[in-house]
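Taking it in order: structure first as structure tokens, then the write-up.
The values are calculated or read from the model by the stated rules, or taken from the named source; none is laboratory data. All values reported here derive from a predicted model rather than from experimental measurement. Every residue, glycine as well, gets a Cβ built from its backbone with ideal geometry; the counts of neighbours run over all protein chains shown. Accessible surface areas use protein heavy atoms only, side chains included; no ligands, DNA or RNA. Shrake-Rupley method; radii C 1.70, N 1.55, O 1.52, S 1.80 Å.
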Amino acid sequence: LDDIAKLAQFCRDRFIEPCPQWATGGHTDHWLLDVHPELREKGWRNTADVTKPEHDLILFDCMQDMIDAMAPKFLSPKGDEWWHRKMPGETPEPLLNGKTRAQVYLDFYSKLNTFLRERDVKMVMFHDMLNPHHNGKREGLELYKYVDVLPKDIILMEWSDRQPKFFLDKGFTVWAVQTGANI
């Protein structure tokens, strides 16, 4: 953590604002599920079950350590590609602790945004799971229909579709973060 604090100061001394990030929800096999496989959502290879209380204890503790070390203005939980890779031989449960996946997703990011806001840190997350032209219709979730209930102080990173109007019209700040073939 001392080295991370030094890196953050090194960046600021060069007019670069550090923004730590974690894969949350999807892609958690790159860090969380490797160490805590019990937190994987049944039926999915790389999606954490954010309804398990241990999940937030671990994630929020890690984030707090990084916030204490770096004092960032922004933090990204990424948030892309939930329910993206099925686990062979497993069938996902229809509900997670009595909630639809859409409600779980929205509750998690609303709770995380509150956690960050209380620490004066802005949340910056990927757009794809909320975009009707990308993964917003994935697995029949139709998460794009729930965009209006998300806090508008969340900054959305548009990383592939080049269609920020959907989010801009709903009152979000949108940052273009182009990757892959669309650069």
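With the cut-off at 18 Å, tell me which of the pairs Lys42/Lys86; Lys6/Lys73; Lys6/Lys78; Lys52/Lys111; Lys86/Lys137; Lys52/Lys99 have Cα atoms farther apart than that. Flagged as over cut-off: Lys6/Lys78.
Applying both filters, DSSP loop and at most 16 other Cβ atoms within 10 Å, to the GluC sites (Glu not before Pro) of segment 70-123 gives Glu90, Glu118.
With each run of n ≥ 4 DSSP H residues scored as -39500 (n - 2.57), what mean residue ellipticity at 222 nm is computed for the chain after dividing by its residue count and rounding to the nearest 500 deg cm²/dmol? Provide the component values of the computation, followed by the final result.
Working: 5 runs with 55 residues, N = 183.
Value at 222 nm, helices only, nearest 500: -9000 deg cm²/dmol.
Rounded to the nearest 0.05, what FRET efficiency is calculated for Phe60 and Thr91 with R0 set to 41 Å and r the Cβ-Cβ distance?
Computed FRET efficiency for Phe60 and Thr91: 0.85.
Sequentially through segment 45-56, phi angles give Karplus couplings (6.51, -1.76, 1.60; θ = phi - 60°) of 6, 10, 10, 7, 8, 6, 7, 7, x, 5, 4, 5 Hz, Gly and Pro residues having no value and appearing as x.
Quick check for you: with a 1.4 Å probe and neighbouring chains kept, what is the accessible area per residue of segment 1-90, in Å²?
With the other protein chains kept in place, segment 1-90 gives 52 Å² per residue.
Rounded to the nearest 5, what % of DSSP beta bridges with both residues in the chain are antiparallel?
On the way: 3 of 14 bridges.
Percentage antiparallel, nearest 5: 20.
Here each label is just a point 7 Å from Cα along the line to Cβ, and for Asp107 and His30 those points are 2.7 nm apart. Computed from the C-alpha gyration tensor, the three semi-axes of the ellipsoid equivalent to segment 47-141 are 26, 16, 12 Å, from longest to shortest. Here the chain exposes an accessible surface that is 54 percent carbon and sulfur, computed with a 1.4 Å probe and the other protein chains kept in place. For Trp44, the amide hydrogen comes within under 5 Å of the amide hydrogens of Met87, counting only partners 5 or more places away or on other chains and with H modelled in the peptide plane. Fraction of C-alpha pairs exceeding 28 angstrom in the chain: 25 percent, rounded to a whole number. With 5 Å bins beginning at zero, the pair-distance distribution over Cα atoms of segment 82-136 amounts to 4, 15, 18, 22, 19, 13, 6, 2, 1 %. Of the trypsin sites (Lys or Arg not before Pro) found in segment 103-149, the ones in coil according to DSSP and having at most 16 other Cβ atoms within 10 Å of their Cβ are Arg119.
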